[in-house]
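A short worksheet on the structure shown next.
Read the figures in this text as sums done on the coordinates, not as results from a lab. Just so you know, these numbers come straight off a predicted model, no measurement behind them. Cβ coordinates were reconstructed from backbone atoms using ideal geometry, including for glycine residues, and neighbour counts include every protein chain displayed.
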Number of protein chains: 4
Amino acid sequence: MGSSTGRLFRVTTFGESHGDALGAVVEGCPPGLILDLGALQADLDRRRPGQSKLVTPRKERDRVRVVSGVFEGRTTGTAIGLLFVNENAHSKSYDNVRDLYRPGHADYTYDARYGHRDYRGGGRASARETAARVAAAGIARQWLSATHGVEVIGWVERVEDIEAAVDPEAVTRAQVEAHPTRCPIPAVADAMAERITAVRADGDTVGGVVGAVARGVPAGWGDPVFDKLDGELAKACLSLPACKGFEIGSGFAGTYMRGSAHNDPFFHDGERVRTRSNRHGGTLGGISSGESVIIRAAFKPVSTIFKPQETVDRDGNPVTFQNKGRHDPCVLPRAVPLVEAAMLLTLADHALRATAIR
Amino acid sequence: MGSSTGRLFRVTTFGESHGDALGAVVEGCPPGLILDLGALQADLDRRRPGQSKLVTPRKERDRVRVVSGVFEGRTTGTAIGLLFVNENAHSKSYDNVRDLYRPGHADYTYDARYGHRDYRGGGRASARETAARVAAAGIARQWLSATHGVEVIGWVERVEDIEAAVDPEAVTRAQVEAHPTRCPIPAVADAMAERITAVRADGDTVGGVVGAVARGVPAGWGDPVFDKLDGELAKACLSLPACKGFEIGSGFAGTYMRGSAHNDPFFHDGERVRTRSNRHGGTLGGISSGESVIIRAAFKPVSTIFKPQETVDRDGNPVTFQNKGRHDPCVLPRAVPLVEAAMLLTLADHALRATAIR
Amino acid sequence: MGSSTGRLFRVTTFGESHGDALGAVVEGCPPGLILDLGALQADLDRRRPGQSKLVTPRKERDRVRVVSGVFEGRTTGTAIGLLFVNENAHSKSYDNVRDLYRPGHADYTYDARYGHRDYRGGGRASARETAARVAAAGIARQWLSATHGVEVIGWVERVEDIEAAVDPEAVTRAQVEAHPTRCPIPAVADAMAERITAVRADGDTVGGVVGAVARGVPAGWGDPVFDKLDGELAKACLSLPACKGFEIGSGFAGTYMRGSAHNDPFFHDGERVRTRSNRHGGTLGGISSGESVIIRAAFKPVSTIFKPQETVDRDGNPVTFQNKGRHDPCVLPRAVPLVEAAMLLTLADHALRATAIR
Amino acid sequence: MGSSTGRLFRVTTFGESHGDALGAVVEGCPPGLILDLGALQADLDRRRPGQSKLVTPRKERDRVRVVSGVFEGRTTGTAIGLLFVNENAHSKSYDNVRDLYRPGHADYTYDARYGHRDYRGGGRASARETAARVAAAGIARQWLSATHGVEVIGWVERVEDIEAAVDPEAVTRAQVEAHPTRCPIPAVADAMAERITAVRADGDTVGGVVGAVARGVPAGWGDPVFDKLDGELAKACLSLPACKGFEIGSGFAGTYMRGSAHNDPFFHDGERVRTRSNRHGGTLGGISSGESVIIRAAFKPVSTIFKPQETVDRDGNPVTFQNKGRHDPCVLPRAVPLVEAAMLLTLADHALRATAIR
């Protein structure tokens, strides 16, 4: 269990870091969508390792193939198969981790869960799996844009203590993509890049916060009680590797305010009901308000560091672990498309739910 | 949709604030559990309005009846019906809200979603619905305790800016219940109570943070990729009324640390693999590690204030809304059993999942 | 598990034969439906024991209460709670079955499944549970009729070897209800009634076949591969008590035909594509064709007979079981609303699915 | 929707007849199972076209690749990816069907459902999809055998009016595989082969009945009310291409019996509770009884015939359709592994459900 998400726009993924192939099955994408494969690949390239000096220089081939569900360029409404063939996956460099538990990683918990695991590159727990969900989310992005005019943009808001004051209503994808950090404010982005470089030189890693906005979401998406839109967004974010926290709207900061200051007054802008401020973050009672949906996700510092660490092997013997190989000192730039994917898949699912029952 | 949660330990709720009855159907509770109805009712009494001077003085009858699934005192393994009969529900006091949208509430979004809503006391969006999930969670609590020795305890960690440094490994339910604020540190609790009283006198409201711990969770609960234990906990919390943020383990604070300081080293304590610290908060890769699961949930200040507010009616005309009736100035004390319920239902579901596939 | 059905029009039931109450939660019924409570009760009265001399004279109160999800006479789009309060349920007459396994009943299999069961009147396995699904299906009926003009009619087609040649395109509910057997052809109905009376006098029971039709189903309902409309109809029928077989369209009889005789030719009737015959029974590839959906369900002879039977008790000792109390000699007349319910719930779910993704 | 089945042992398939690839994702297979890839391929070869003179001579490469979820020969407990790469799929021969609706096929209903379809070889409605579920069921077969000692065997019981009296308790897979018809009684099998050959020479097709048995299923698998084991088996069978009917145990024939003759008496065989006969077919109240589970599935004559047929094109114009290409005159021999797959997937799912909640 665990490899599927969504009730109507439903995605199932498979594949390990070093298996023969990984992929996704996307059910529920409505028929007739003209799929732009170039845009789909572009979404994937933003997640790919090796795209800049700030992230891991490992080269992974993330070339996606659409093997079913699309005919003559358009979706058919049936299951879309997305496939990534792993080429030249070297597993020899993982012999040093096969019998020990890397701190901060899922090695131990997978052993506790299943008793048997693919230890190469984290196996099923590898962040490589996120290629499949980013690909699926790329389809959701195209459908949400074409059908509902919804636009989802993420950005790096903070690296360690270096924070950017980003305006969710105004930020553009071009601004985000203009800098390898994916921080849309150039001066702050430069400081972040400098920090990341320094941390890498020290063999250490840093964490931070990704912010994201969905603009154009109409009022009325979300379901009551247990399937609130904000709840599903939280789950989607916390299901990303290394994510440890989630906020919507005012989030934790809002808990320092009084109700009289926090409530967003309604008004009528001539065409529709709106709120004068957006501390609620685009959902009220778990249903979208028509205002932008604004979230933040916290990512812990990358667990793979290059300093010796205390741990144990599978027999319980204490060992010192020294990582080899190449890894990200900071996952934040590559986490941006992941948070966007979390939003896109959640929104596409609720768009269909709202269509079905209204 | 939205009224069900869990895949194996599955709860479906129904009912509005002012309908004839509300309740829950609990599927998947294993047979043979001796159900302690007194303890179940005690769980509910902690959520009940009117339990102290700090919360709303409205008296609600939250007397739960178990109408199916239990025979001769033990669960049968089939669907358990839980029923609350609403007595003397007065809807006359809601005439002033039937045609306007209260700021911070779900009035507008329900209209956008469904076009037709029960406006009395928030209808399906009312926090009264949480009585049903607290009752269902009470069954989960008894099963988790009897079968797995798991204990879940929540507490008020912060009210506005008044914060308590609570030790999740040591806190007891008795300490929490000793004070009407449900803050287990008496001096801080007194300050919180004073603040809440002052805010109420001002016709305003405050928010804050609830912390919670699950102790005794074995390693190996949780599923990979999309159904991570932390992801499901996040969804369960964000599906609570007024919740705007979620953290597990180090959360947002952990993003200020370096990887070398954040990683929790593994060691063998003679019996099992453990970590020397618990910044990960009890899950790694979405699967429990055997350490305590520690979460925090942010609750915005209560939306129902007693000052005049700008809003619009259903026709879009600007109106000034002045709340009447009686409400909580601070939801935190009553949110403690809700966050516990979120944890309990999520853990019970994953306990069964781990039993099924291992 | 097992107490829920449907993905979008989703029904969850609870309750045993002799518990305090039973009921259903209906999720996914679109908002704004004006619910006719009298018609809902009329649907239930057709299932009720004691309605004629041909069925069990036990009097059950099947008075349904709608406790949530309906406001000012219209559905709100949120969970609809349906409740039946059991009054004066006598369990004393079941002492003779508490420790033995009645042949043909689920006593033994429930013990094998759960180890602990409510033995009174079959507990959760009692046909009394079907009151809840008939009530839920009554809502589906009203919605399907009001929104899509779909009409579902069932009838008794055969009792033992007495068979009626019913025309699914022409039969009316009035014809069906005109005779207590629910066979719409009076002469055959009389013969059936005579047979049932004779069998009852002998302390024995008979089975037979229920036929049903859904008229007005548009082309395009159903999902490919695993959730075909005919597959879901089959599951819904086989989940009815005593059902042992299912056919759609030509069914088993069609397997004696050649392809050239079996294929239904398409033609255009001026407005839409139709078929000249309907051996396919209204679905092709699991999706509705726009022709009437026609099914048949086989019901075994009632297991409760009034002759002594060989069986064992819970300790494995051989015992002779002699039934006391009053039961149906023939379940067919009361099975008609159950088969209709199976169709109605399945169709309502697929109507919503087709709305969501198209 | 529709491409997934099972709640715990969950299979999702993708792929069309003439796409680049098709496959399945199998979730919920417990870890540690030693997977026999040769046996998996052997299961697939029984479904493959071109395996004998009685079935279509089209050669399809059904070589399955296991691309994830298996490490060092054993399942890991995570999603298993199964992949079939389509080689040399020629779509040119389908130009004559792109704009018309073949009688008996799903061309029209897919157009009604989705408005856009892959017309090559039936697209998603092609029986080629069943390769994916047979592969997934092969994993279920190995797990059910290794863990529970369950054996599932199907056979051809009837072709048109030529019927074999097969003993479900004694039949072996070797007997079934000994003849290309998959009828285990040689004299009847020869008559079936003769009939099929004659029908093919006439350009026509025949249908029939597949029988199947699951031996070794313990008492206690199945869930009450809506997810009865027999209901799920019915759905799994009716979701197979061309299946129009389902029976369990005495089925339709049992409706001609009296209750006193139909009930299976319980006795204790020294080790466990059994029934002296098995008219119930292995389930009582939807839960397995420990007796063999015995089902029958009706398959209509193949819709692809080689005689001219009346139909319409997409614009509603009448046309005469004359099929070209090569097809099965009788699907029965190849339907045997499909019915087995339906049983295997259903049983594996309920085995896990019974493990989770008991």
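Some notes on this structure:
- Shortest-first nm distances, B:LYS53 label point to equivalent points in other copies (7 Å, Cα→Cβ): 6.6, 7.4, 9.9
- Between copies, B:GLU194 shows label-point distances of 4.5, 9.4, 10.3 nm, shortest first, with the point placed 7 angstrom from Cα along Cα to C-beta.
- Sites A:ASP99 and B:ASP315, calculated FRET efficiency, Cβ-Cβ separation with R0 56 Å, nearest 0.05: 0.20
- From least to most packed, judged by other beta carbons within 10 angstrom and beginning with the fewest, B:HIS327, D:HIS350 follow the order B:HIS327, D:HIS350.
- Residues A:ILE185, C:ILE139, ranked from the fewest to the most other C-beta atoms within 10 Å, line up as A:ILE185, C:ILE139.
- For D:LYS244, the residues 5 or more places off, or on other chains, whose built amide H falls under 5 Å of its own are D:ALA298, D:PHE299, D:LYS300.
- Cβ-based net charge around C:ARG195, under 12 Å, with every Lys or Arg adding one and every Asp or Glu removing one: -4
- The count of lysine pairs in chain A that are at least 8 places apart or cross chains, and whose C-alpha atoms lie under 28 Å apart, stands at 21.
- With contacts taken as Cα pairs under 8 Å and at least 6 residues apart, chain B reaches a relative contact order of 21 percent.
- Here A:ASP45 and A:GLN322 are evaluated by their C-beta separation; at R0 = 35 Å the FRET efficiency comes out at 0.65.
- 3J(HN,Hα) from dihedral phi, segment C:349-358, Karplus parametrisation 6.51/-1.76/1.60, rounded to Hz, x for glycine, proline: 4, 6, 4, 5, 4, 5, 5, 5, 10, 7
- Each part reduced to its alpha carbon centroid, segment C:309-328 and segment A:269-283 end up 68 Å apart.
- Two-site FRET efficiency, D:LYS53 against D:LYS307, from Cβ-Cβ distance with R₀ of 22 Å, rounded to 0.05: 0.55
- Ranking of B:GLU163, A:GLU291, C:GLU169, B:GLU177 by count of other Cβ atoms within 10 Å, fewest first: C:GLU169, B:GLU177, B:GLU163, A:GLU291
- Given +1 at the Cβ of Lys and Arg, -1 at the Cβ of Asp and Glu and no other charges, the dipole of segment A:185-287 around its Cα centre is 240 debye to the nearest 20.
- For A:ASP269, inter-copy label distances in nm, listed shortest first [label point 7 Å out on the Cα-Cβ vector]: 4.9, 5.5, 7.4
- Loop-resident sites, segment C:192-276, for GluC sites (Glu not before Pro), counting at most 12 other Cβ within 10 Å (DSSP): C:GLU271
- Summary value for segment D:185-328: 32 percent relative contact order, contacts being C-alpha pairs under 8 angstrom separated by 6+ residues.
- Here the Karplus curve 6.51 cos²θ - 1.76 cosθ + 1.60, taken at θ = phi - 60°, turns the phi angles of segment D:280-294 into couplings of 6, x, x, 9, 10, x, x, 10, 5, 9, x, 7, 4, 8, 10 Hz, with x standing for Gly and Pro.
- About its Cα centre, segment B:4-356 has a charge dipole of approximately 380 debye under the convention of +1 per Lys or Arg Cβ and -1 per Asp or Glu Cβ, with nothing else charged.
- Nearest beta carbon of chain C to the C-to-A rotation axis, with distance in whole angstrom: C:ALA356, 2.
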